[in-house]
1. Quick one: with all protein chains in place, what share of the accessible area of the stretch B:3-101 is carbon or sulfur, to the nearest percent (1.4 Å probe)?
2. Using square roots of five times the C-alpha gyration tensor eigenvalues, list the equivalent-ellipsoid semi-axes of the stretch A:67-154 in whole Å, biggest first.
3. State which entries of A:Lys36/A:Lys95; A:Lys65/B:Lys33; B:Lys33/B:Lys69; A:Lys66/A:Lys95; A:Lys131/B:Lys69; B:Lys33/B:Lys67 exceed 20 angstrom in Cα-Cα distance in the structure shown.
4. As a test of reading the structure, rank A:His130, A:His85 by solvent-accessible area (1.4 Å probe, protein chains only), most first.
5. Please report the relative contact order for chain B, taking Cα pairs under 8 Å with a sequence separation of at least 6, and give it as a percent rounded to a whole number.
6. From the phi angles alone, apply the Karplus equation (6.51, -1.76, 1.60; θ = phi - 60°) to the stretch B:65-71 and give each ³J(HN,Hα) in whole Hz, x where the residue is Gly or Pro.
7. Using only DSSP helix segments of four residues or longer, with each worth -39500 (n - 2.57), what per-residue ellipticity at 222 nm results for chain B after dividing by its residue count and rounding to 500?
8. Given the protein chains as shown and a 1.4 Å probe, how many square angstrom of A:Lys131 are accessible, to the nearest 10?
Amino acid sequence: MHESRDERESPIAKQSLFESRAEITPFLRPHTLSMKPLIVAGELESLTEIAQFVIKATQKASLDKKAAYLLRLAVDEIATNIITHGYKQAGLAGKIYCQAKINENALIIILEDTGVIYNPLQQEKPNSLHKPLEQRVVGGLGVYLAIQSVDKFRYERLGERNRNIFIVYSQASQKSLFYDQNSRA
Amino acid sequence: MSLNTTLETTNDTAKIFLSGELDGSTANSFQEKIEEVTNLALNRLVLIMEDLEYMASAGLRVLIFAKQKMGPNVDIYIVGAQEMVLDTIEKTGFHHSVILLDEYNP
């Protein structure tokens, strides 16, 4: 589960999911359930709808309360970043495209946007986590929390789109991974 | 998603009750409450979070704003924060700069 930054980054795919419906990653299995995608304006008012979409997906995937909260937090932080930095501060307007895919191994949430190019994995870990609040500089905490809060986070650039992929493994798959590793040892 | 904030000030203490969800779309109302008290001669800012169900980094940003605006002599108390809100506070090192309490009994 602990991977280096480079290993978390994925190769650049050729087309957007919403254009091609192509399979995005090897994480998807034949019995993958896809929720109806959500497309919302890239505005702060859309955060509620995005959160509701993610919460519904966590319920369908039977995630426990803590994992569900953390996934919602991760998606919320990246969506907020897209809206404030990718669109608003750049003087751009656009949408956020949300997808959820569920299979026996994982819940995968995908956010796409047409804002400024931004790869969250390239952001340095905040170096002020131990400093008192008086000495803190605002910024960087949201992305840090987002990446910390899921099992795997990937970023891809697809033409004009940023694609952020959040993966949370099911508890059953984590358990079987644990036993697999132990039996191999 | 909504956030409700209620402010009470007594002597040297400002107490803000937060309930609901604190994210990028609701953090402004929290910041406005902080702005109402930054010019008062306070020693304590007490944030009652028992009914706060969710907090994103937008909430942490307001805490930085409060501390920097009110100065080092004002202690910030966070009271009754729920498990996952507390988890965020601790992951980001904010617990070193605020006083965490289960209950507030001045």
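1. Working: 1620 of 4120 Å².
The C+S portion of the solvent-accessible surface of the stretch B:3-101 is 39 percent.
2. Numbers: eigenvalues 111, 76, 19 Å².
Semi-axes (√(5λ), whole Å): 24, 19, 10.
3. Details: A:Lys36/A:Lys95 16 Å; A:Lys65/B:Lys33 30 Å; B:Lys33/B:Lys69 13 Å; A:Lys66/A:Lys95 29 Å; A:Lys131/B:Lys69 17 Å; B:Lys33/B:Lys67 14 Å.
Result: A:Lys65/B:Lys33; A:Lys66/A:Lys95 exceed 20 Å.
4. Numbers: A:His130 155, A:His85 85 Å².
Greatest to least solvent exposure: A:His130, A:His85.
5. Details: 178 pairs, mean separation 26.5, N = 106.
This gives 25 percent for chain B.
6. Couplings: 4, 4, 5, 6, 7, 8, x Hz.
7. Details: 3 runs with 34 residues, N = 106.
So the helix-based figure for chain B works out to -10000 deg cm²/dmol.
8. Accessible surface of A:Lys131 is approximately 90 Å².
The values are calculated or read from the model by the stated rules, or taken from the named source; none is laboratory data. As the structure is a computational prediction, the values presented were derived from the model and not from experiment. In this analysis, Cβ positions are derived from the backbone assuming ideal geometry, glycine residues included, and neighbour counts consider all displayed protein chains. What goes into the accessible areas is simple: the full protein's heavy atoms, side chains included, and nothing from ligands, DNA or RNA. Shrake-Rupley method; radii C 1.70, N 1.55, O 1.52, S 1.80 Å.
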